[in-house]
Amino acid sequence: MVTPEYIEQAREILGDGPLLAPVVTVVLESDRVRARAIARDFLDLYLRLPNYTTNFERLGFTDEDLTGGGSDRLVDALVAWGPDDTISGRLTEFHTAGADHLALQLVTGEGGESPPLAQWRRLADLTGDTGVTGVTAKSA
């Protein structure tokens, strides 16, 4: 639950050797209101955990960003959403910043016991041009 800027800083500290594999949360939704609502529902737990909020503050977010379900700025920084090319571009940002592998966490906003196979396939297609060498997907 970090930003590409965080990855860039981590890569500088770690150097080229160690594997850097952040989790990137993705909402396959283009509608701004719906995407942010799904993301906020997902982020709710994390915004109540001091270890996460402290790290978000370290990333430059303020108390105002962390209240009310999270500001648009926070949601947009922590969750990749939008049209397919926007999501693919966001994943590329993590690679460009120094990530070797992305663990993609797909958030659908839909309940149910069945894995969202169609969304996973769509997400896999979006990773093709990102330059990331490995992707792990799970649903939340």
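Scanning the range 106-115 for residues that are open to solvent by 20 Å² or more (accessible area, probe 1.4 Å) and within 16 Å of residue 35 (Cβ to Cβ), which turns out modelled with the highest pLDDT? Break it down stepwise before answering.
We begin by selecting, within the range 106-115, every residue open to solvent by 20 Å² or more (accessible area, probe 1.4 Å); these are 108-115.
From the residues that got through so far, the ones that are within 16 Å of residue 35 (Cβ to Cβ) too are 108-110.
Details: 108: 89, 109: 78, 110: 75.
Ranking the candidates gives 108 first.
Residue 19: in contact (Cβ under 8 Å) with a residue 40 or more places away in the chain, of a type in the set (A, V, I, L, M, F, W, C) and loosely packed, with under 13 Cβ neighbours inside 10 Å, yes or no?
Working: in contact (Cβ under 8 Å) with a residue 40 or more places away in the chain: yes; of a type in the set (A, V, I, L, M, F, W, C): yes; loosely packed, with under 13 Cβ neighbours inside 10 Å: yes.
It is true that residue 19 is in contact (Cβ under 8 Å) with a residue 40 or more places away in the chain, of a type in the set (A, V, I, L, M, F, W, C) and loosely packed, with under 13 Cβ neighbours inside 10 Å.
Mind counting the residues in the range 1-49 that are of a type outside the set (D, E, K, R) and touching a strand residue (DSSP E or B) at 6+ places or on another chain (Cβ under 6 Å)? Break it down into steps so the answer makes sense when it comes.
Kept after step one, since they are of a type outside the set (D, E, K, R), are these residues of the range 1-49: 1-4, 6-7, 9-10, 13-15, 17-28, 30, 33, 35, 37-39, 42-43, 45-47, 49.
Going one step further and asking which of them are touching a strand residue (DSSP E or B) at 6+ places or on another chain (Cβ under 6 Å), we end up with 21, 23-27, 35, 38-39.
Final tally of qualifying residues: 9.
Could we say that residue 93 is open to solvent by 30 Å² or more (accessible area, probe 1.4 Å), out of contact with any strand residue (DSSP E or B) (no Cβ under 7 Å at 6 or more places or on another chain) and free of Cβ contacts under 8 Å to residues at least 24 places away in the same chain here?
Working: open to solvent by 30 Å² or more (accessible area, probe 1.4 Å): yes; out of contact with any strand residue (DSSP E or B) (no Cβ under 7 Å at 6 or more places or on another chain): yes; free of Cβ contacts under 8 Å to residues at least 24 places away in the same chain: no.
When the stated conditions are applied, residue 93 does not pass them.
Listed here are the residues, each with its yes/no results for (1) touching a residue at least 40 places away in the same chain (Cβ under 8 Å); (2) of a type in the set (A, V, I, L, M).
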position	(1), (2)
27	yes, yes
31	no, no
37	yes, yes
41	yes, no
68	no, no
72	no, no
77	yes, yes
83	yes, no
88	yes, no
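Quick check on the range 94-102. Is at least one of its residues under 22 Å from residue 5 (Cβ atoms), at pLDDT below 95 and acidic (Asp, Glu)?
yes
Can you tell me which of 47, 43, 74, 14 is over 16 Å from the mean Cα position of the chain (by Cα) and modelled with pLDDT of 95 or more?
On the way: 47 fails: over 16 Å from the mean Cα position of the chain (by Cα); 43 fails: over 16 Å from the mean Cα position of the chain (by Cα); 74 fails: over 16 Å from the mean Cα position of the chain (by Cα).
Going through 47, 43, 74, 14 in turn, the sole match is 14.
Which residues, taken from the range 56-71, are modelled with pLDDT under 95, open to solvent by 70 Å² or more (accessible area, probe 1.4 Å) and either part of a helix (DSSP H, G or I) or closer than 22 Å to residue 10 by Cβ (or both)?
58
The values are calculated or read from the model by the stated rules, or taken from the named source; none is laboratory data. Remember, it's a predicted structure, so these values are computed and weren't measured experimentally. Quick reminder, even Gly has a Cβ in these numbers, built from the backbone with ideal geometry, and neighbours come from all protein chains shown. To get the accessible areas, we keep the full protein, side chains included, count just its heavy atoms, and leave off ligands, DNA and RNA. Shrake-Rupley method; radii C 1.70, N 1.55, O 1.52, S 1.80 Å.
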